[in-house]
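S.K.: Here it is, the structure in full.
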Amino acid sequence: MNFDVVIIGGGLSGMACGIALAERGKRCAIISTGQSALHFCSGSFDFLGYVNGFDVETPATTLAKVIPPTHPYARIGADRAIAIAREVPAFFERMGVKVNGSIDRNHYRITPLGIMKPTWLSLADFDAIPEKARLPWSKVSIQNIAGFLDFHTAFVADNLERIGTECSVSAINMPEFDHLRTSPTEMRSANIAKVFEGNDDAVRHFAAIVERNAADAHAVMLPAVFGLADSHAVEVLKQAVKLPICFIPVLPPSVPGIRTQITMRRRFEALGGTYFLGDTVTSARMENGKVAAISTRNLADDELRASHFVLATGSFFGHGLEARPDKVVETLFDADVVADGDRDRWYNHEIFAEQPYMSFGVATDATFHPTKGGKAISNLYAAGSVLSNHNPIKEASGAGVALISALHVADLITPQQQAK
Ligand SMILES: Cc1cc2nc3c(=O)[nH]c(=O)nc-3n(C[C@H](O)[C@H](O)[C@H](O)COP(=O)(O)OP(=O)(O)OC[C@H]3O[C@@H](n4cnc5c(N)ncnc54)[C@H](O)[C@@H]3O)c2cc1C
């Protein structure tokens, strides 16, 4: 099979790159083994949340001053990275995903434990909370689904009370949840979301109970378990409840994250892209230092050939990188990696300290071509968390690096072409 571009990995970076290229008329394929970090995501996309442990308020003006030259943003160019970031809300809007937030000012998101973290964009379900030390509401009603153990209302209330919010906590029961209670493994976020899919009556019934429980609160906080295939259930709920609803991410799987993954896939396929889900790229055939074709587990007799290939296989989590007893490797091309040679220096014994392995990744030249033996593979590009020299946790930069590098790689593959 022949394509213009074959993308290996269908997480946020692979999908974004594929969509951007397909918007420009390129014939693309994405091959993805399975779940990506989106399935675990908070519903917010970080760009640059922390520098030296301090919250970043204005990423657009801060970036150029603080970013080390090896960081993916610096290699793209700080100005260009910001310019791409400005295009991202419209990029999502074109696929029907609405986001809150701006690269000019970070807002805050509430973690599953009720802690405030700086972020760049949040899916429209989630409020863009302007201040860290104060919620827009002085009194909130935190409501869970009875028996749902992946949303910890007591932690959330405890942490929100620390910033002066009066909290009440209640649990909701409805007959629609009875079948989930047969086993604790059934009472999970995605299964709860399925109860409300295409069942507006159930959503309105739930909304009526929420309003009753809320009493005199100024806002309601609910677990983010609505809207799996699309955001319809979220919209119905928001219309039915008269108070502002603030969704809080729960322990994985992430319903808004799965929805984003589904929506991106839908957009890619609507633009003519070919998506091979549940398949794994097993090897690459090289010719004259270039990738000529790749083979996959399911299409063993049918190579995928293309002019350009994109490595978007993720970090250790996505299996783009692997830690062996003596070294860290890039799993598919055995490309050069930036990693400490001494295993004892891979991690810090202080669990909450900066972990060096988080910055390990594939080595690239200035135009994001991975190198092998120091030589660039000229028709292969790397994007997303497989890249080296950024630390998504310490910097709160994960989705930013994934999106900006993916869109930058799409620009490198199609110079001068604008998205439709
Ligand atoms: C658990 C978790 C939660 C996170 N939550 C957030 C968040 O809320 N906000 C934020 O800003 N950042 C978050 N991050 C940071 C995250 O790294 C980025 O946000 C981003 O989603 C990474 O996307 P990616 O496409 O680079 O990698 P991944 O999401 O890891 O995707 C890589 C994909 O490649 C596939 N793959 C790997 N090898 C092959 C192969 N040989 N053949 C075919 N497919 C292959 C994998 O199956 C996977 O689907 C999170 C990271 C993790 C690990």
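S.K.: Carbon-plus-sulfur fraction of the accessible area of the chain, 1.4 Å probe, in percent?
M.R.: 52
S.K.: Let me ask something additional. Using modelled amide H (1.01 Å from N, peptide plane; none on Pro or chain starts), what sits under 5 Å from the amide H of Ala293, excluding residues fewer than 5 places away?
M.R.: Arg285
S.K.: Hey, another quick one. Roughly how big is the chain's charge dipole about its Cα centre, with Cβ charges of +1 (Lys, Arg) and -1 (Asp, Glu), in debye to the nearest 20?
M.R.: 620
S.K.: Could you work out how far the C-alpha centroid of region 154-213 sits from that of region 23-71, in angstrom?
M.R.: If we compute the Cα centre of each part, the gap is 31 Å.
S.K.: Moving to a separate point now. For region 373-415 and region 305-324, write down the distance between their C-alpha centroids in whole Å.
M.R.: Distance between centres, Cα-based: 11 Å.
S.K.: Expressed as an acute angle from 0 to 90° and rounded to the nearest 10, what is the orientation of the C-alpha long axis of helix 398-413 relative to the principal long axis of the chain?
M.R.: The angle comes out at about 40 degrees.
S.K.: So what is the diffusion coefficient of region 127-248 in µm² per second by Stokes-Einstein at 25 °C and 0.890 mPa s, using a Kirkwood Rh over Cα pairs?
M.R.: 166
S.K.: With the dipole of region 127-248 worked out from charges on the C-beta (+1 for Lys and Arg, -1 for Asp and Glu) around the Cα centre, which of Ala240, Ser168, Ala133 lies farthest toward the positive end?
M.R.: Ala133
S.K.: Taking a quarter of the surface of the Cα convex hull of region 317-412, what do you get in nm²?
M.R.: 6.3
S.K.: Taking a 1.4 Å probe, which of Thr260, Thr182, Thr331 shows the most accessible area, and what order do the others take after it?
M.R.: Ranked list, largest accessible area first: Thr182, Thr331, Thr260.
S.K.: On to the next question. Highest first, please rank the peptides 400-411, 107-118 by the mean number of other Cβ atoms sitting within 10 Å of their residues.
M.R.: Top to bottom by mean Cβ count within 10 Å: 400-411, 107-118.
S.K.: Average projected area of the Cα convex hull of the chain, in nm²?
M.R.: Computing the convex hull of the Cα atoms and averaging its projections yields 20.9 nm².
S.K.: Can you work out ³J(HN,Hα) from phi for every residue in region 119-134, in order, using Karplus 6.51 cos²θ - 1.76 cosθ + 1.60 and θ = phi - 60°, giving whole Hz and x for Gly and Pro?
M.R.: 8, 9, 10, 10, 3, 4, 4, 9, 6, 8, 7, x, 10, 7, 9, 7
S.K.: How far is it, in nm, from the label point at Arg105 to the one at Asn348 when both lie 7 Å from their Cα along the line to the Cβ?
M.R.: Spacing of the two 7 Å Cα→Cβ label points: 3.1 nm.
S.K.: Mind checking the dipole of region 279-319: about its Cα centre, +1 per Lys or Arg Cβ, -1 per Asp or Glu Cβ, Debye to the nearest 20?
M.R.: Dipole size: approximately 140 debye.
S.K.: Taking amide H positions as placed 1.01 Å from N in the peptide plane, with prolines and chain starts having none, which residues 5 or more places from Ile7, or on another chain, fall under 5 Å of its amide H?
M.R.: Ala29, Ile30, Ile31, Val310
The values are calculated or read from the model by the stated rules, or taken from the named source; none is laboratory data. A quick note: this is a predicted structure, and the numbers were derived from the prediction, not measured. Please note: Cβ atoms are built from the backbone with ideal geometry, for glycine as well, and neighbour counts cover all protein chains shown. Note: accessible area is taken over every heavy atom of the protein model, side chains too, but ligands, DNA and RNA are not part of it. Shrake-Rupley method; radii C 1.70, N 1.55, O 1.52, S 1.80 Å.
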